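Structure record follows, encoded as structure tokens.
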Amino acid sequence: KDKNTIYFYDDKKAVQSQIHILIPGSQMKLNERLTSRTFNKYFGSGMSALVFQEIREFRSLAYSAYGVYQVPWYLNGEGYFRGYIGTQTDKTVDAIGAYLDLLRDMPEKPLRINGIKSGLLQSLVTSKPNFRSLPRTGRNWKKQGYDGNPNALYKTNYESVEFENIISFYEDNLKGNPYTITIVGNKEKIDMVKLADFGELIELTKEDIFN
């Protein structure tokens, strides 16, 4: 869709709101695929990422929060962003607002790049396939479209990537793009008028979901 949309399912028993944020992407170039891991570490994957710190640590708006740009399995496939928030029902609107602020105008903290690069390079040491799984892993690499072990490509990327590459990835794949939000929560504890400010609000029934 080319507009912001919210799908809401009312669950009277819900103590928490389960919120998912989706942004469709496009076909990814190889360098974008490689840089996506650095972007994810900076933006939404792990306890030191922006999403976790800004929403859970600093503002206590969620029990859990993350966001990753999901790369396609095949090299010529399309990527997409998926985010998640688990929060108290009465904090639903504030939590979504804080998350969307990060997506609309990502804070820039360039001093974090060296720690991210170091962590990603270290992760390559533990991501080597073991002897028994090597033949199957190699076949999968070929099916995906790689000519060889992609870890070599990631190693080169991690060594050379700069903070400007994270900004470029964000601007090319996320900034200003329309989003879809799905929510399961207790309608009685949520300001539905304010929720509708985030986009077109569509309330679903059980029949809509399980038909």
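Some points to look at:
- Considered as a group, the residues in the stretch 166-189 that are under 30 Å from residue 111 (Cα atoms) and small (Gly, Ala, Ser) include one that is most open to solvent (accessible area, probe 1.4 Å), and that residue is 176.
- Considering 36, 17, the condition of being touching a residue at least 12 places away in the same chain (Cβ under 8 Å), polar (S, T, N, Q), touching a Ser or Thr at 6+ places or on another chain (Cβ under 9 Å) and closer than 20 Å to residue 179 by Cβ is satisfied by 17 alone.
- Residue list for the stretch 58-76, filter: small (Gly, Ala, Ser), in a loop (DSSP other than H, G, I, E, B) and surrounded by 15 or more Cβ atoms within 10 Å (Cβ to Cβ): 62
- Index of the failed condition, residue 80 passing every other in (1) open to solvent by less than 20 Å² (accessible area, probe 1.4 Å); (2) modelled with pLDDT of 95 or more; (3) within 16 Å of residue 172 (Cβ to Cβ): (1)
- If you go through the stretch 34-52 and keep only what is part of a helix (DSSP H, G or I) and either open to solvent by less than 40 Å² (accessible area, probe 1.4 Å) or touching a strand residue (DSSP E or B) at 6+ places or on another chain (Cβ under 7 Å) (or both), you end up with 34, 35, 36, 38, 39, 40, 42, 43, 50, 51, 52.
A quick yes/no check of all residues on (1) at pLDDT below 95; (2) closer than 22 Å to residue 178 by Cα; (3) over 19 Å from the mean Cα position of the chain (by Cα):
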| residue | (1), (2), (3) |
| --- | --- |
| 50 | no, yes, no |
| 84 | no, yes, no |
| 96 | no, yes, no |
| 101 | no, yes, no |
| 109 | no, no, no |
| 118 | no, no, yes |
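- Unique match (being of a type outside the set (Asp, Glu), under 26 Å from residue 200 (Cβ atoms) and in contact with a Pro (Cβ under 8 Å, 6 or more places away or on another chain)) among 23, 85: 23
- Qualifying residue in the stretch 83-102 (condition: touching a helix residue (DSSP H, G or I) at 6+ places or on another chain (Cβ under 8 Å), open to solvent by less than 70 Å² (accessible area, probe 1.4 Å) and part of a loop (DSSP other than H, G, I, E, B)): no
- Unmet requirement for residue 29, which otherwise passes all of (1) within 30 Å of residue 146 (Cα to Cα); (2) open to solvent by less than 70 Å² (accessible area, probe 1.4 Å); (3) basic (Lys, Arg): (2)
- All positions within the stretch 162-211 that are in contact (Cβ under 8 Å) with a residue 60 or more places away in the chain, charged (D, E, K, R), out of contact with any strand residue (DSSP E or B) (no Cβ under 8 Å at 6 or more places or on another chain) and not in a helix (DSSP H, G or I): 175, 191
The values are calculated or read from the model by the stated rules, or taken from the named source; none is laboratory data. This structure is a prediction, so every number in the text was calculated from the model and none was measured. Every residue, glycine among them, receives a Cβ derived from its backbone with ideal geometry; neighbour counts consider all protein chains shown. For accessibility, only protein heavy atoms count, side chains too; no ligands or nucleic acids. Shrake-Rupley method; radii C 1.70, N 1.55, O 1.52, S 1.80 Å.
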